[in-house]
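S.K.: If you scroll down you'll find the structure; I have some questions about it.
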Amino acid sequence: MADFKDLSLLLTKQTQIQQKLLEIEKQKTAVLTAGDINKLDMLMRSEQPLIMQSASLEHRREQLQREMGLADLTLKRIIEEHGPDGAEILKDRSAELTGTVERLRRAMHINTGILNARMNVIGQILSLTGAVEPALTYTKDGHY
């Protein structure tokens, strides 16, 4: 049971990091909308250590699962197969982490859309001003 407690603690820490990344992503939405490159740079720098911590925790989770003989199982399978042995403590942690990651994905998707829209506008302006030549496209017969 102690191993499941260790795994639960890792999931809690991972959730906390993902929540911090979610807050940064929400801040990035406002910054991208405002077009403040300096604040965007600051936010991106602040998220780098969190990304590294998250990767480290994920590596530790994988290592712990290997030590427990559960290397090839997802958290869902561990909960289903080992719940009576104490893995039920993972259920709430796993659900919380999954929800946080899903909210983070949605926020990142929004920011990607904002960024792509800005890049399209910049590309159109550059093209209209003649600063950039339009890309060559070829027809089926190889002519452009």
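S.K.: Full-extension gain between Asp92 and Ile125, please, as 0.36 nm times their residue separation minus the C-alpha to C-alpha distance.
M.R.: Details: separation 33, 0.36 × 33 = 11.88 nm, distance 4.99 nm.
Length gained, Asp92 through Ile125: 6.9 nm.
S.K.: Under a plain spin-label model, where a point goes 7 Å from the Cα along Cα-to-Cβ, how far apart in nm are Asp72 and Ala117?
M.R.: 4.7
S.K.: In whole angstrom, and with the biggest value first, how far do the Cα coordinates of the chain range along each principal axis?
M.R.: Between the extreme Cα coordinates on each principal axis of the chain lie 68, 44, 20 Å.
S.K.: Kindly express, to the nearest 10 degrees and within the range 0 to 90, the angle between helix 37-67's C-alpha long axis and the longest C-alpha principal axis of the chain.
M.R.: For 37-67 against the chain, the angle is about 30 degrees.
S.K.: Calculate, for Arg105 and Glu80, the FRET efficiency according to 1/(1 + (r/R0)^6) with r their C-beta to C-beta distance and R0 30 Å; round to the nearest 0.05. Present the calculation step by step, with values, prior to reporting the outcome.
M.R.: Details: r = 24 Å, r/R0 = 0.80.
After rounding, the FRET efficiency stands at 0.80.
S.K.: Please compute the modelled spin-label separation between Ala30 and Met44, points set 7 Å along Cα→Cβ, answer in nm with one decimal.
M.R.: Result: 2.0 nm between the two label points.
Bear in mind these aren't lab numbers, they're just calculated from the coordinates by the rules spelled out. Bear in mind the structure is a predicted one, so any value in this text is a computation, not a measurement. Every residue, glycine as well, gets a Cβ built from its backbone with ideal geometry; the counts of neighbours run over all protein chains shown.
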